[in-house]
Amino acid sequence: MYKPLVLVFLLVPVFSINTRCQREAGNTNLLIFFKKIKANIKKKKILFLPGLLFFSLSIDAQLFPTFGIISNEEKLLKECPFDKEAEAVYLIHEAVSNYNDNYNLVTDHHIRMKILKEKGIRYADIIIPFFSDDNFESITDVEGLVISYDEKGFRTELKLDRKSIYSKKVTKYHSEVRFALPSVKVGSIIDYKYRSTMRHYGGLEDWNFQEELPVIRSTYLLSIIPNYEFSYLVHKSKMYQAEVKSEPKSGQVYFAMNNIPGLGYEPYMDARKDYLQRVTFKLSGHDNTSSGSGYSSPGSNKTKYSATWQQIIQEMLNENSFGSQLNKSLDGTDDFIKQVKYNSDDVQKIKLVLNYVSNNMSWNYINSRMSPDGIKSAWNKKSGTNGEINLILINLLKAAGLDAHPLLVSERQNGKVNKDYPSVNQFNTVYAFVIVNNKNYYINANDRVTPTGIIPVDILNTTALIVNRKSGVLISITDESLQYKDYINVSAIVTEDGKVKGNVYMSSKDYARAERLKKYRQDKEKYIDENFHKNMPGVLIDSFALQNEQDDSLMLIHRFTFQTALQQTGGYMFLPANLFTGFETNPFVATNRFSNINFGYKQSVSLNAIIQVPPGLVIDALPKPVKLVNEDNTITVTRQIINDEANSKLLVRINIDLKKSLYIVDEYEPLKEIYKKMFVLLNEQIVFKKN
């Protein structure tokens with residue numbers, strides 16, 4: 001649960017905004033709220049400004065006194081004590097958040113890193129992302145040092161040249177400050193600091209103790225403007241300790257954690273941020289009563305913010321850039337809607353409206369929940385954010401007589417929704433939610449490949465909020481009925497000189513169809529390379545073609561020919577029996593894991609291969625028939641290879657069934673063990689020798 005701090009002075013409140021991109025939604029209510037609070041502060045400013053200035057100056061005077069001062073322990077460090085393989089290590093990341101005379105959120109960062117291996121030198125290229133739209137945030141006061149020691153322990157120091165610091169616009173909303181620290185080598189210590197200034201405390205983000213690299217010490221001191229109920233929540237593993245100190249009277253709270261291992265990408269993980277050791281913040285309310293001296297005494301006259309999910313729903317429906325956009329008449333759509341209404345099949349109506357929106361709108365690659373300029377503007381421009389396009393979709397579905405509502409979603413890459421923490425900022429966009437014949441349909445107009453009756457992969461195993469005044473509710477989105485299904489048929493011949501060539505006919509159904517088609521359309525060459533070339537090194541793929549690409553009611557068909565040379569040694573030839581299944585490399589080999597394993601869907605892959613063997617070769621070794629099953633029967637692998645000597649053929653059958661879509665991190669060890677056995681089985685080869 002969130003731990004509350006009821007603060008004493010009248011200061012700007014703190015909103016929890018998990019990622020900068022969420023401010024793209026244009027939350028008008030939030031901006032109006034801060035304007036009102038700022039006006040209220042100005043009325044009382046003279047009563048407490050001297051204390052505020054004293055506090056600010058005292059903080060500035062003691063910021064990061066150890067900058068550039070290296071301890072003997074840091075100097076002698078050769079490897080991270082709790083991660084021997086680390087390429088580099090954060091010695092410290094410390095930050096202080098405070099406010100200035102204009103009540104901006106000012107955060108000073110100090111980062112010190114040591115390069116431990118040659119590959120770690122790349123971390124000397126520093127990127128600081130910030131939210132630059134409408135000058136909301138700026139990065140200033142950048143300073144950097146590279147400190148190195150020779151064999152005798154003599155120190156050399158190079159300062160960051162300010163001319164090498166530059167700002168780069170990344171999107172309409174985001175920019176980056178970039179710089180490369182000079183002459184970095186193994187053993188160098190990088191020490192740099194900078195200041196982030198945001199327009200108001202609405203920009204306050206989570207504090208992450210954990211980084212991609214291991215961190216020896218991470219600290220954060222937050223000063224907020226009291227008279228507000230402010231709360232925080234420390235997310236951490238049981239194996240780590242966090243230090244928390246709070247002083248409500250001064251409006252400060254301090255967090256620290258030591259010896260945190262790095263967290264990079266883990267196969268089949270959800271949003272990385274869900275598993276980071278971190279602190280999240282939340283404004284839960286403020287006390288409207290205050291004494292004439294500028295001090296407040298806790299009273300009954302309190303305002304609560306988004307205390308329940310129902311309040312969230314009401315706020316969203318009252319929001320001009322969201323709720324007011326749900327009953328708009330869009331230019332030029334009347335004739336189309338009349339035609340749709342003639343159709344008696346409601347599912348067909350969904351498809352017609354979805355195709356109409358997809359054909360008339362293009363995504364500008366921005367995620368949002370809102371439409372600040374209104375969906376009419378986006379419709380007329382034929383371009384908009386994913387939120388705007390889906391709000392347009394909802395309008396037209398409703399106009400067609402369907403039971404359609406907005407669905408606030410947190411896509412898997414955005415992170416899990418904390419059901420105990422009502423906040424719209426947990427969701428990154430909006431989908432359409434439609435009920436037809438008691439079946440729920442979840443529709444994203446920007447998804448051009450997922451069939452209408454299938455839940456988009458991006459929201460499988462997530463929590464969403466139906467925004468409806470009467471029946472709005474949090475829902476869990478799962479689907480255990482549909483699977484990822486691939487059927488692979490191979491007809492091949494082995495030649496006496498040690499080559500194998502043949503034809504492949506692959507049928508992909510349900511999620512296999514959607515996932516494969518999505519990747520194929522994104523980049524055809526990359527798709528072929530990653531799904532077929534890499535699975536059989538040295539293979540040549542030719543005559544590649546897809547069928548049924550446009551008809552989502554049919555299976556997606558792959559057809560291609562292949563040719564490759566067999567591995568040979570000592571007169572023996574080795575043919576892999578596991579052909580083009582996608583299960584050629586074990587993804588679960590790491591000793592430890594932080595995140596859940598979320599496949600999203602069940603999986604079923606079947607391989608049937610007929611391999612012609614020439615008279616000049618004899619089979620020296622044939623993998624035995626086997627069935628592998630884990631303890632809870634959620635993973636089954638069977639293999640059967642039959643030697644049809646009469647017809648000089650091998651018949652190969654492999655079936656892989658994963659009957660569970662989500663494994664929690666505590667289940668990693670048994671999953672890793674069954675996968676180890678599975679890939680030993682799948683990697684066994686057929687051995688030939690010359691007759």
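Along the axis of the charge dipole computed for the chain (Cβ charges of +1 for Lys and Arg, -1 for Asp and Glu, origin at the Cα centre), the listed residues Thr478, Gln426, Gly582 are led at the positive end by Gln426. When only Cα pairs below 8 angstrom with a gap of at least 6 residues are kept, segment 593-647 shows a relative contact order of 22 percent.
Using a 1.4 angstrom probe, figure out how much accessible area the chain has per residue, in square angstrom, rounded to the nearest whole. Let's see the in-between values first.
Details: 32110 Å² over 691 residues.
It amounts to 46 Å² per residue over the chain.
Excluding same-chain neighbours fewer than eight residues apart, the aspartates and glutamates reachable from Lys159 by a Cα-Cα span under 18 Å are Asp125, Asp141, Glu143, Asp150, Asp191.
The stretch between Asp620 and Asn592, if pulled fully straight at 0.36 nm per residue, gains 6.1 nm over its current Cα-Cα span.
Return the Rg/Rh value of segment 540-675, two decimal places, where both radii are evaluated on C-alpha atoms and Rh is the Kirkwood radius.
Values: Rg = 18.5 Å, Rh = 18.1 Å.
Rg/Rh for segment 540-675 comes to 1.02.
May I ask which of Lys169/Lys419; Lys119/Lys163; Lys627/Lys660; Lys624/Lys660 have a Cα-Cα span longer than 24 Å here? From the list (Lys169/Lys419; Lys119/Lys163; Lys627/Lys660; Lys624/Lys660), the Cα-Cα distance tops 24 Å for Lys169/Lys419; Lys119/Lys163; Lys624/Lys660. Computed extension gain for Glu584 through Asn100, at 0.36 nm per residue and net of the alpha carbon distance, reaches 168.5 nm.
Legend: distances between Cα atoms for Lys351/Lys376; Lys501/Lys689; Lys172/Lys381; pairs beyond 20 Å are Lys351/Lys376.
When Ile69, Ile654 are compared by accessible surface with a 1.4 Å probe, the order from highest to lowest is Ile69, Ile654.
To the nearest whole percent, what portion of all C-alpha pairs in the chain is separated by more than 43 angstrom? Roughly 39 percent, once rounded to a whole number. Karplus-derived 3J(HN,Hα) values for segment 251-264, using 6.51 cos²θ - 1.76 cosθ + 1.60 with θ = phi - 60°, are x, 10, 9, 10, 10, 8, 8, 10, 6, 9, x, x, 10, x Hz; glycine and proline are entered as x.
First measure r as the distance between the Cβ atoms of Ser543 and Ile127, then evaluate 1/(1 + (r/R0)^6) with R0 = 60 Å and state the FRET efficiency to the nearest 0.05. The partial results should precede the final answer.
Numbers: r = 43 Å, r/R0 = 0.72.
Given R0 = 60 Å and the Cβ-Cβ separation, E is 0.90.
In this structure the amide hydrogen of Leu204, modeled in the peptide plane, comes within under 5 Å of the amide hydrogens of Phe15, Ile17, none closer than 5 places in sequence on its chain. A cut-off of 5 Å between modelled amide H atoms, ignoring neighbours fewer than 5 places along the same chain, links Ile686 with Leu575, Ala577. Within the accessible area of the chain, the carbon and sulfur atoms contribute 49%, probe 1.4 Å, all protein chains present. For the chain, adding -39500 (n - 2.57) for each run of n ≥ 4 DSSP H residues and dividing by the number of residues yields -5500 deg cm²/dmol at 222 nm. Distance from the C-alpha centroid of segment 637-662 to that of segment 494-568: 19 Å, rounded to the whole angstrom.
Suppose the chain between Glu631 and Leu554 were pulled fully straight at 0.36 nm per residue; how much longer would it get relative to their current alpha carbon spacing? Walk me through the intermediate numbers first.
Numbers: separation 77, 0.36 × 77 = 27.72 nm, distance 3.54 nm.
Using 0.36 nm per residue and subtracting the Cα-Cα distance, I get 24.2 nm.
If you plug the beta carbon distance of Asn489 and Asn380 into 1/(1 + (r/R0)^6) with R0 = 41 Å, you get a FRET efficiency near 0.25. Can you give me the angle between helix 28-61 and the longest principal axis of the chain, using Cα atoms only, in degrees from 0 to 90, rounded to the nearest 10? Between helix and principal axis, roughly 70 degrees. Straight-distance candidates among the aspartates and glutamates for linking to Lys519, with alpha-carbon spacing under 16 Å and chain neighbours fewer than 8 residues away dropped: Asp447, Asp458, Asp486, Asp510, Asp529, Glu530, Glu549, Asp552.
In this simple spin-label model, placing a label point 7 Å from the Cα along the Cα-to-Cβ direction at both Ser237 and Lys501 gives a separation of 5.2 nm.
Assuming R0 = 41 Å, can you tell me the calculated FRET efficiency for the pair Glu480 and Lys75, based on Cβ-Cβ distance, to the nearest 0.05? List each step's numbers first, then the result.
Working: r = 56 Å, r/R0 = 1.37.
Computed FRET efficiency for Glu480 and Lys75 comes out at 0.15.
For segment 54-167, the relative contact order is 17 percent, taking Cα pairs closer than 8 Å that sit 6 or more residues apart in sequence and dividing their mean separation by the residue count. The share of C-alpha pairs in segment 413-504 whose separation exceeds 20 Å stands at 53 percent.
Per-residue Karplus couplings for segment 652-667, computed as 6.51 cos²θ - 1.76 cosθ + 1.60 with θ equal to phi - 60°, are listed in order as 10, 10, 10, 10, 10, 10, 10, 9, 9, 9, 9, 10, 6, 4, 5, 9 Hz, Gly and Pro entered as x. Short-range pairs are left out: with C-alpha atoms under 8 Å and at least six residues apart, the relative contact order of the chain is 11 percent. Taking amide hydrogens as placed 1.01 Å from N in the peptide plane, the amide H of Ile225 sits under 5 Å from those of Val12, each at least 5 positions away in sequence or on another chain. Rounded to the nearest 10 degrees, the inclination of helix 346-360 to the longest alpha-carbon principal axis of the chain is 70 degrees. Accessible surface of Phe336, taken over heavy atoms with a 1.4 Å probe and every protein chain present, rounds to 30 Å². Largest first, the three principal axis extents of the alpha carbons in segment 480-594 are 49, 42, 26 Å in whole numbers. Coupling constants for segment 572-586 follow from the phi torsions by the Karplus curve (6.51 cos²θ - 1.76 cosθ + 1.60, θ = phi - 60°), and in residue order they are 9, 10, 10, 10, x, 7, 8, 9, 6, 7, x, 10, 9, 10, 6 Hz; glycine and proline get x.
The values are calculated or read from the model by the stated rules, or taken from the named source; none is laboratory data. The model shown is predicted, which means the values in this text are computed figures rather than measured ones. As a convention, Cβ positions derive from the backbone with ideal geometry for all residues, glycine included, and neighbour counts pool all protein chains shown. Areas reflect the complete protein model, heavy atoms only, side chains present, ligands, DNA and RNA absent. Shrake-Rupley method; radii C 1.70, N 1.55, O 1.52, S 1.80 Å.
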